Amino acid sequence: MENKNLTPKEKDFCRRMAQSGDSTLAAALAGFSDNPQKKSLELLSRAEIVAEINRISELCRQTAKDLSYVGYQRLAFGSIADAVSLLYMEKPTIEELKTMDLFSVSEIKRPKDGTMEIKFFDRLKALEKLSADVQDEGGATPIYDAIMRGAQALNTPQETLKDEA
């Protein structure tokens, strides 16, 4: 929760510090023009300032993580219809291009022979990234758990299994 006891300049310092990691620059940009290096050290010695910087940094990390997750979802499951339509257009206008969803396109080439080549981002890699996020957040995935239980059962001596039954 945002610290309400900080002045607007102190809040600005915290935001700039979380963004740049440079305390002297953050102090100068926040308006502490008289010896920003000294002022930054004073500010960083206060627990509420450090807590606010940490809060803002965590928000930034979470936002970046959420945005990357959405991006990987678009790469893995998004439509390529607009990119395919682009292949059949003679000379698309800027307005037409602006309305197209070309998020999954990694490269477009128009060789001298007049053809067009479109390369897409790898959907399987996007799916791997999405599944890695699931594993990181909730531990192992259910399929991984099932495989591990099966492997452990294969390594368990048959006498032990009979005893357990």
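Annotations
- Summarised in one figure, the compactness ratio Rg/Rh of the stretch 52-106, Cα atoms and Kirkwood Rh, is 1.24.
- For the stretch 105-122, the Karplus equation 6.51 cos²θ - 1.76 cosθ + 1.60, evaluated at θ = phi - 60°, returns couplings of 8, 9, 7, 10, 10, 10, x, 5, 6, x, 6, 10, 10, 10, 10, 10, 5, 6 Hz by residue, with Gly and Pro reported as x.
- Between SER68 and SER131, the contour length at 0.36 nm per residue exceeds the alpha carbon distance by 21.4 nm.
- Among the chymotrypsin sites (Phe, Trp or Tyr not before Pro) within the stretch 43-114, those in coil by DSSP and having at most 12 neighbouring Cβ atoms inside 10 Å are TYR88.
- Kirkwood Rh in Å, taken over all unlike Cα pairs in the stretch 1-50: 10.5
- Local net charge near ARG46, Cβ-Cβ under 11 Å (Lys/Arg +1, Asp/Glu -1): -4
- Candidates per GluC sites (Glu not before Pro) in the stretch 1-82, loop by DSSP, up to 11 other Cβ within 10 Å: GLU2
- SER106 versus ILE94: modelled label distance in nm, points set 7 Å from Cα along the beta carbon direction: 2.9
- For the stretch 1-100, the Cα gyration tensor yields ellipsoid semi-axes of 45, 17, 10 Å (square root of five times each eigenvalue, largest first, whole Å).
- Using θ = phi - 60° and Karplus 6.51 cos²θ - 1.76 cosθ + 1.60, couplings along the stretch 18-34 (whole Hz; Gly, Pro as x): 5, 6, 9, x, 9, 5, 5, 5, 4, 5, 5, 5, 7, x, 8, 7, 7
Taken together, the values in this text are just the output of simple stated rules run on the coordinates, not laboratory data. Only a predicted model underlies this, so the values are computations on that prediction, with no experimental measurement involved. Neighbour counts run over all protein chains shown; Cβ positions are idealised from the backbone, glycine included.
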